[in-house]
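First up is the structure itself, then whatever we jot down about it.
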Amino acid sequence: MIIIMKAGSSDAQIEQVSEKLKAMGMGSHVSKGIERTVVGAIGDERKIDIEALEVLPGVENVVRVMKPYKIVSRVSHPEDSVVDIRGIKLGGKQIQVIGGPCSVETQPQMDSAAASVAAAGCRLMRGGAFKPRTSPYAFQGVGVEGLKMFRRAADKHNLPIVTELMDVRMLDTFMEHDVDVIQIGTRNMQNFDLLKEVGKVQKPVILKRGMSATISEWLMAAEYIAAGGNHNIIFCERGVRSFETYYRNMLDVTAIPVLKRETHMPVIVDPSHAGGKAWMVPALARAAVAAGADGLLIEMHPCPSEAWCDADQALSPEELTALMGELRAIAAIMGREL
Ligand code: PEP
Ligand code: MN
């Protein structure tokens, strides 16, 4: 951290800054120029309240030099981290596609979806038993019964299951049903109490980007999980709010290389909630793989027109199979596998 003093600041003011830093457990180094003096803070600046320094007399500006996130930062771990999901590696050479319906509906729907997901070549399955809906009158998910249906359907094909946790009170139930990957949805990216709790378990967590979160806020949200001891974190870009109304969200493809640079943790993309229409999903999925995504989260329903939730954006089993073929070719160009 660097504290830049105002032109003409007095020696007493500079001394006060050094004293304040000392009281905060930091060292200091004063560098006097012809016009300006800067004070360099020595120590871990992450715990320091920047405002407590900015208010001191004679201080013009305080600049952080360290990233506010530590465990998730690539600085602390230069190699890519690979998250192991029951033997399936996410973040390595192999790209993982997580396919499945928006919501768990019935046992036959889940059985059929699981068979199609496996047949298309996906190694993991998605499906929400608890749904965060904009309207309280809309279908809210089938709840705990849905976790059972999901487990039964996926186990037949040995597919690990990915499902959203909205309420911290359901975490024990998720553990009892041995949910393989806990999804934290866009609306909960900054639910810090929820993040702290999933930080205490060792289950892999997919952390979706808040719909208007900056990359820095997203990294800090992941740091909450990591700080609790759970380093099995997967970032998921799912589109951000924009001025555009043609599609549901704007897929931030730029975030993929930025995150790959800033963090060692895997980055996946959800093209379904970005575009919001099935016909857009293949183009966005192809772009994501070409941009370096480690995986995709794609909605697929055995009969999209009958889906209880997000019918517009669900691929049919045939469309998912066709897309997997295209993605395989792009992965090969990228020196990866699918
Ligand atoms: C979902 O994946 O089912 C979902 C609700 O996504 P998001 O949190 O990105 O809206
Ligand atoms: Mn959905």
Semi-axes, largest first, in whole Å: what does sqrt of 5 times each Cα gyration tensor eigenvalue give for the range 2-63? 18, 11, 10
Please report, in whole Å³, the volume per residue of the convex hull around the C-alpha atoms of the range 228-307. 126 Å³
Exceeding 24 Å between C-alpha atoms, which entries from my cross-link table qualify? They are Lys22/Lys196; Lys156/Lys208; Lys32/Lys67; Lys22/Lys67; Lys208/Lys260; Lys93/Lys208. Lys22/Lys196; Lys156/Lys208; Lys32/Lys67
How much length would be gained if the chain were fully extended between Arg151 and Asn61, taking 0.36 nm per residue of separation minus their Cα-Cα distance, in nm to one decimal? 26.9 nm
Computed over the range 69-200, the ratio Rg/Rh where both radii use C-alpha atoms and Rh is Kirkwood: 0.99
Taking alpha-carbon centroids only, the range 302-338 lies from the range 265-288 a number of Å equal to 10 Å
Cβ neighbours within 10 Å, averaged per peptide: list 182-189, 145-152 in order, most packed at the top. 182-189, 145-152
Given a 1.4 angstrom probe, what's the average accessible area per residue across the range 190-255, in square angstrom? 44 Å²
The FRET efficiency for Ser305 and Thr173, from their Cβ-Cβ distance with R0 = 25 Å and rounded to 0.05, is 0.20
How large is ³J(HN,Hα), in whole Hz, for each residue of the range 208-214 in order, when computed from phi with the Karplus curve 6.51 cos²θ - 1.76 cosθ + 1.60 and θ = phi - 60°, using x for Gly and Pro? 6, 6, x, 5, 10, 8, 6
Of the peptides 238-244, 33-39, 323-329, 313-319, how do they stack up when ordered by the mean number of other Cβ atoms within 10 Å, highest first? 313-319, 323-329, 238-244, 33-39
Degrees between helix 107-120 axis and first principal axis of the chain (Cα, 0 to 90, nearest 10): 80 degrees
Rank Gln183, Ala129, Ile95 by how far each Cα sits towards the positive end of the charge dipole of the range 65-194 (+1 on Lys, Arg Cβ; -1 on Asp, Glu Cβ) and give me just the farthest. Ile95
Heavy-atom surface of the range 256-338, accessible at 1.4 Å and reported per residue (Å²): 36 Å²
Residue separation between Arg36 and Arg241 times 0.36 nm, minus their alpha-carbon distance, gives in nm 69.6 nm
Using Cα-only point scatterers and the Debye equation, what is log10 of I(q)/I(0) for the range 33-87 at each q in 0.30 Å⁻¹, rounded to two decimals? -1.30
Please work out how much accessible surface Lys196 shows to a 1.4 Å probe, ignoring ligands, DNA and RNA, in Å² rounded to 10. 100 Å²
Cα centroid separation - the range 220-256 against the range 41-112, whole Å: 10 Å
So how do 14-21, 294-301 stack up, highest first, on mean other-Cβ count within 10 Å? 294-301, 14-21
Expressed in nanometres to one decimal, the distance between label points 7 Å along Cα→Cβ at Lys89 and His29 is 4.1 nm
Taking the dipole about the Cα centre of the range 172-319, with the C-beta of Lys and Arg at +1 and of Asp and Glu at -1, give me whichever of Pro317, Ala285, Thr245 is farthest to the positive side. Thr245
Probe 1.4 Å, accessible area per residue of the range 87-163, Å²: 35 Å²
Taking the Cα centre as origin and putting +1 on Lys and Arg beta-carbons and -1 on Asp and Glu beta-carbons, what dipole magnitude results for the chain, to the nearest 20 debye? 380 debye
Compute and list, largest first, the equivalent-ellipsoid semi-axes of the range 1-124 from the alpha carbon gyration tensor, each √(5λ) rounded to a whole angstrom. 56, 16, 12
What FRET efficiency would be calculated for the residue pair Asp44, His77, taking the C-beta separation as r and a Förster radius of 25 Å, to the nearest 0.05? 0.90
Give me the compactness ratio for the range 83-333, meaning the Cα radius of gyration over 2.2 N^0.38 Å. 0.91
Can you pull the percent of the chain's accessible area that's carbon plus sulfur, 1.4 Å probe, other chains left in place? 54 percent
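The values are calculated or read from the model by the stated rules, or taken from the named source; none is laboratory data. Everything quoted here is computed from the prediction, not taken from an experiment. For neighbour counting, all protein chains shown are included, and Cβ atoms are generated from backbone atoms with ideal geometry for every residue, glycine included. Heads up: the accessible areas ignore ligands, DNA and RNA and are worked out on the full protein's heavy atoms, side chains in. Shrake-Rupley method; radii C 1.70, N 1.55, O 1.52, S 1.80 Å.
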